[in-house]
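See below for the structure under consideration.
The values are calculated or read from the model by the stated rules, or taken from the named source; none is laboratory data. No experiment lies behind these values; they were computed from the predicted model shown. Cβ coordinates were reconstructed from backbone atoms using ideal geometry, including for glycine residues, and neighbour counts include every protein chain displayed. Accessible surface is based on the protein model in full, side chains and every heavy atom, while ligands, DNA and RNA are left aside. Shrake-Rupley method; radii C 1.70, N 1.55, O 1.52, S 1.80 Å.
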Amino acid sequence: MSEKIADSVEAIEAEAEKILQEARTEANEIVLRAKEEAKAIVSAPLPMDAVRTECDRIVSKARAQADETIKDSEKKAAEIPVNADKKLEEIVRRVVSIVRGKS
């Protein structure tokens, strides 16, 4: 009986070794195919038309934002003298009030 068990264990070990070897072989083939695919992907030319289109879109959007920022800045710059005149008038009134003694 122990001889029968030993034969069964040896058969199972042999089968397991065969399965492991097949798995190693398949894994090596998969790795080799993956390396070949990676090499092909890396060496493939980039789709420059799509890249250029996206670049143009980004530049166009950036220019539009820059134009908007410039318009806002020009508007704020135009308001500065107007606000400065109003503040100057207020400061002059206060100084005159202080000089007259009417705080």
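Per-atom-type breakdown for the chain gives carbon and sulfur 60% of the accessible area (1.4 Å probe, protein chains only).
What angle do you read, to the nearest 10 degrees and between 0 and 90, between the alpha-carbon axis of helix 48-100 and the longest principal axis of the chain? With both axes taken from Cα atoms, the answer is about 30 degrees. Put simply, the convex hull of the Cα atoms in the chain casts, on average, a shadow of 20.6 nm².
Placing +1 on the Cβ of every Lys and Arg and -1 on the Cβ of every Asp and Glu, with no other charges, gives the chain a dipole of roughly 2020 debye about its Cα centre. On a per residue basis, the chain carries 96 Å² of accessible surface, using protein heavy atoms and a 1.4 Å probe. For D85, the solvent-accessible surface computed with a 1.4 Å probe is close to 90 Å², ligands and nucleic acids excluded.
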